[in-house]
Amino acid sequence: MNDTRPDPDALLAALNAEQENLSRGQLKIFLGMCPGVGKTYAMLLDAQQRQEEGKEVVIGVIETHGRIETQALTAGIARIPKRKIEHRGVVLEEMDLDAILARKPDIVLVDELAHSNVAGGRHPKRYQDVFELLDAGIDVYTTLNVQHIESHRDIVTQITGAPMNESVSDSVIDRADEIELIDVSPGQLRKRLEEGKIYLGDRAVTASDNFFREGNLKALREIALRVTAERADRELREFMRSRRIPGPWKSRERFLVAVGTSPFSEHLIRWTRRIATLTHGAWTAVFIDTGSTLDEAAKARLEKNLTLARTLGAEVLTAAGEDVTETLLRVAREHNASQIVVGKPLSHPFLDLLRGGSLVDKLIRRSGDIDVYVVRAEKQAKPWRPDFRSLGSPRLLQEFGLSCLLVLVTTVAGLVLRPAIGYMAVGLLYLLGVLLGSMVLSRWPLLLAGALTALAWNFLFITPYYTFYINNVHDLILFCLYFVVALVMGHLSARLRQREQAERRREEQATALYHFSRDIVTSRSLGEAIREGVRHINELFGVTATVLVGPELALAAGESLNAREMAVASWTLEKKEQAGRFTNTLPQSECTYLPLRAGDDVAGVLGLRGRSALSLTERQLLETFAAQIALLIERERLMKQAEAVRIEENSRRLQKTLLDSVSHEFKTPLAVISSAAENLAAHPDQSRTFVEEIRIAAARLHRIVANLLDITRIETGAVKPRLAWCDLREVAEDAILRVRDVLQDRPVEISLTEEVSACRLDSGLLEEMLGNLLRNAAQHSPAHSSIGLSARKEGGDLVVTVSDEGSGLSTDDEGRVFEKFHRGAGATPGGLGLGLSIVRGFAEAQGGTVSVRPRADGRPGAEFQIRLPVESKSAETIGA
């Protein structure tokens with residue numbers, strides 16, 4: 001049975017603390033990472049709000065530093081005059097503690113908590129004055145920079161190089177009832193510094209180059225965030241402890257474990273996982289690639305170790321470097337690791353001495369602020385020794401044979417040339433052979449060649465011949481020097497060749513990644529980009545790749561998979577882990593499946609069929625390719641989401657605009673019809689007048705409904721032109737007749753050329769287009785002004801122009817005149833703003849265009865031009 005009752009001791013402590021809080025004031029600290037973040041400003045803003053709530057707020061001491069916006073917030077808040085103190089012949093001002101205690105306000109504002117008082121006052125530090133105010137039951141609002149906290153002062157000094165002379169004890173922070181972090185980004189803070197809002201003149205320049213460097217500000221910001229997070233965590237733990245609530249405790253430790261080809265790395269990985277879990281810390285596994293060639297067994301062990309680390313939740317990294325210690329420390333600092341985990345050295349101390357010390361010794365000497373955990377091997381483990389079985393591989397045996405052949409060839413050449421050049425020149429010939437061998441041989445065959453040439457030189461060319469005995473001290477020294485030089489030259493040559501091969505591999509990887517990224521980025525579509533990526537993977541790794549995207553695992557590129565393989569791919573997608581061949585999950589599968597990770601999500605699955613297991617370098621490059629493909633898929637998904645959101649937003653906006661416009665437009669004619677009907681019933685003798693009003697209102701309603709139907713037809717693509725021969729003048733006159741109630745006293749001047757008197761087009765659509773243009777012209781032109789309607793043939797197009805004598809188009813109207821629901825600034829009341837949109841929709845449905853411009857004759861007004869591809873001829877031809 002779980003006992004979830006609160007701890008009595010914890011409850012008693014909480015009651016005592018609550019009772020104590022009732023009799024003492026509340027302390028609120030506005031904490032910032034450094035000067036200039038706005039602590040005083042935020043404190044005054046909060047004080048103004050408390051004063052509006054009826055609290056009595058006074059200013060004990062405020063330092064505005066000449067900032068106008070901060071000074072403005074002090075208005076309306078009572079200020080306690082400072083007390084003057086003479087110190088060394090200088091009169092200084094300090095907060096008058098006694099005056100505040102005598103007034104006993106609800107809240108007192110005390111700036112710069114870490115300030116040191118002038119000698120002669122009651123307390124040497126300002127925070128001690130604050131404690132006395134709190135004990136008197138007065139609430140205190142104060143400000144503090146993180147560098148003035150005692151426990152962080154040394155860290156800040158180390159980061160910034162600036163000594164901190166003033167500090168407050170951490171007990172002050174513990175005593176605070178509330179801490180409010182005032183946070184701004186380093187970029188914003190440096191901008192404020194440049195604008196003179198923190199310091200002025202040369203002081204600002206000096207501060208920018210020293211304390212306010214971006215790196216310093218980022219570090220200080222992290223410390224400030226950590227202080228507030230630790231306090232919140234402590235409060236949460238106390239709350240949980242008092243109520244016996246189980247739960248995790250947060251920590252920010254980060255462990256870095258060194259992983260290699262040793263079988264004991266598996267034990268290190270599990271140990272790091274356990275300690276990281278216990279401390280709730282993050283952990284990273286890193287392999288240092290020194291460029292040495294690994295045999296198949298070592299590759300398998302390394303892959304197994306890294307897979308185990310990845311499975312247990314580690315971030316797996318690979319770093320290149322010849323010096324393991326230096327590279328490991330560099331990675332630790334780059335990833336902000338606070339602890340490095342390594343295994344105890346199991347090699348012989350003499351071998352460690354020859355190497356300049358073991359890895360552990362070097363790490364401890366160079367680690368600096370980073371802690372080093374040295375973990376012993378498992379009890380049953382024996383000291384690890386190199387596996388010399390790899391020396392029997394066919395490739396190495398071939399190189400050993402080549403080295404022996406090299407020794408034989410140079411020996412024969414030396415025997416032939418000895419009478420002419422002497423035995424010393426033969427030694428140089430042997431050195432030349434060793435150097436030439438370094439171009440093709442690896443380390444062990446090359447060292448064998450150096451040793452054999454030294455022995456052959458001694459046996460065949462140094463007197464007494466055919467013995468290894470040397471009776472001449474000069475020859476003995478020469479032989480020893482040759483032996484050392486041959487071995488060192490062979491070793492150095494092998495290292496240079498090894499480094500060259502490593503650099504070549506990195507160059508090949510960088511080139512492959514460049515070509516891969518270039519081809520997928522320049523693709524015209526997502527499908528083409530994925531196909532290009534699959535082509536690169538197939539050619540580079542010698543596999544058959546398949547890319548499946550989305551939750552439904554749709555085939556994007558490659559070959560289709562059977563049901564069994566699809567099940568493995570689904571597991572990879574769901575679990576976000578590798579599966580299939582050469583893995584520990586479903587290894588009987590024909591393919592290896594990698595999740596296409598895009599952040600925390602998986603955008604799809606990459607399947608690989610064929611060849612043996614990939615090497616570590618190849619796997620890393622493949623994972624980079626997979627990440628690139630995943631980012632492309634994720635970008636496409638986000639673009640579609642953004643487009644869908646945009647369409648949805650436009651739809652909502654259109655729906656709201658339509659509802660508002662339609663409801664408003666329906667109200668007016670409906671009100672006219674209702675009023676006219678009531679008047680008609682009351683005054684039957686005036687029926688003609690009221691019936692005319694009803695007719696006009698009904699026509700307006702009919703026009704609104706017709707416009708809505710037309711715009712719906714246009715939006716859905718249902719407008720299909722019905723071409724027929726018609727008289728263009730009749731179409732124009734019918735359009736004028738439709739809008740005669742709007743035109744009123746504005747005459748329409750029709751001008752048609754003979755060649756367009758008869759045209760083959762959709763007369764109904766053109767009539768409605770002209771009617772909307774004429775109505776628009778009447779709404780934007782003064783009374784008694786004329787409206788022009790002309791038509792002409794231009795090439796194979798009919799050009800119809802409607803012009804008015806209004807005020808013309810504003811700059812805003814020129815770009816939006818054909819938008820739905822847009823009404824010009826000078827339009828008369830009424831209308832939905834759909835007429836010109838309908839004109840453009842009908843014109844485009846017939847393969848034409850519509851445009852607007854100022855009048856071509858220079859007169860005031862606007863000119864709308866419809867251009868339609870038509871077939872035309874004279875009216876006489878039609879009549880014939």
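The values are calculated or read from the model by the stated rules, or taken from the named source; none is laboratory data. Since the structure is predicted, the reported quantities are computational estimates derived from the model, not experimental observations. Note that we place each Cβ from the backbone using ideal geometry, even for glycine, and neighbour counts take in every protein chain shown. Note: accessible area is taken over every heavy atom of the protein model, side chains too, but ligands, DNA and RNA are not part of it. Shrake-Rupley method; radii C 1.70, N 1.55, O 1.52, S 1.80 Å.
Residues of the stretch 395-463: accessible area per residue at 1.4 Å, in Å²?
48
Could you compute the FRET efficiency for Ala425 and Phe582, with r as their C-beta to C-beta distance and R0 at 60 Å, rounded to 0.05?
Result of the calculation: an efficiency of 0.65.
Sequence-distant or interchain residues sharing an amide H contact under 5 Å with Leu317, placed H: which?
Ala285, Val286, Phe287
Short version: ³J(HN,Hα) in whole Hz for each residue of the stretch 757-766, in order, from phi by Karplus 6.51 cos²θ - 1.76 cosθ + 1.60 (θ = phi - 60°), x for Gly and Pro, what are they?
These are the phi-based 3J(HN,Hα) values: 5, 10, 9, 9, 7, 8, 5, x, 5, 5 Hz.
Take the Cβ-Cβ distance between Arg859 and Glu730 as r, set R0 to 25 Å, and report the resulting FRET efficiency rounded to the nearest 0.05.
0.30
His148: accessible area at probe 1.4 Å, nearest 10 Å²?
Solvent-accessible area, nearest 10 Å²: 40 Å².
With a sphere of radius 11 Å drawn around the Cβ of Arg505, what net charge do the other residues whose Cβ falls strictly inside it have (Lys, Arg +1; Asp, Glu -1)?
Taking every other residue near Arg505 into account, the sum is -3.
Pop the C-beta distance of His335 and Asp177 into the FRET formula with R0 = 56 Å and round what comes out to the nearest 0.05.
0.90
Determine the dipole magnitude for the stretch 461-524: charges of +1 sit on the beta-carbon of Lys and Arg, -1 on that of Asp and Glu, nothing else is charged, the reference point is the Cα centre, and the result goes in debye to the nearest 20.
It works out to roughly 360 debye.
I'd like the Karplus ³J(HN,Hα) series for the stretch 401-414: coefficients 6.51, -1.76, 1.60, θ = phi - 60°, whole numbers in Hz, and an x wherever there's a Gly or Pro.
Karplus-based 3J(HN,Hα) across the stretch 401-414 equals x, 5, 5, 5, 4, 4, 5, 5, 5, 5, 5, 4, 5, x Hz.
Suppose accessible area is computed on protein heavy atoms with a 1.4 Å probe; arrange Arg301, Arg597 from highest to lowest.
Largest accessible area first, the list is Arg597, Arg301.
In terms of modelled amide H atoms, which long-range or inter-chain residues lie less than 5 Å from the amide H of Glu863?
Arg853, Arg855
At 7 Å along the Cα-to-beta-carbon direction for both Glu618 and Asp475, put a label point, then send me their distance in nm to one decimal.
That separation, rounded to one decimal, is 5.3 nm.
Please compute the length gained on full extension between Ser151 and Ala451, using 0.36 nm multiplied by the number of residues separating them and subtracting their Cα-Cα distance.
101.9 nm
So for Asp762, Asp797, Asp106, what's the accessible-area order with a 1.4 Å probe, most first?
Asp106, Asp797, Asp762
Mind ranking 564-572, 766-774, 168-176, 601-609 by how tightly packed they are, going by the mean number of other C-beta atoms within 10 angstrom, highest first?
766-774, 601-609, 564-572, 168-176
What distance in nm separates the simple spin-label points at Gln641 and Ser517, each placed 7 Å from Cα in the Cβ direction?
Taking the two extended label points, one gets 2.4 nm.
So how much slack lies between Glu500 and Glu539, counting 0.36 nm per residue of separation and subtracting their Cα-Cα distance, in nm?
Extending this stretch completely gives an extra 11.6 nm.
Beyond a 30 Å Cα-Cα separation, which of these cross-linked pairs lie in this structure: Lys39/Lys84; Lys362/Lys576; Lys362/Lys575; Lys344/Lys575; Lys344/Lys576; Lys218/Lys575?
Distance filter (> 30 Å) returns Lys362/Lys576; Lys362/Lys575; Lys344/Lys575; Lys344/Lys576; Lys218/Lys575.
Given a 1.4 Å probe and heavy atoms of the protein chains only, how would you sort Ser560, Ser803, Ser763, largest accessible area at the top?
Largest to smallest exposure gives the sequence Ser560, Ser763, Ser803.
Could you pull out every residue, at least 5 positions away or on a different chain, whose amide H is within less than 5 Å of the one on Ala557? Hs are placed 1.01 Å off N in the peptide plane, and Pro or chain starts have none.
Amide H neighbours of Ala557: Val547.
Which entries of Lys640/Lys720; Lys82/Lys125; Lys28/Lys104; Lys55/Lys104; Lys28/Lys55 have Cα-Cα distances beyond 19 Å here?
Where the Cα-Cα span goes over 19 Å, the pairs concerned are Lys640/Lys720.
Which order do peptides 73-84, 216-227, 444-455 fall in by mean Cβ count within 10 Å, highest first?
444-455, 216-227, 73-84
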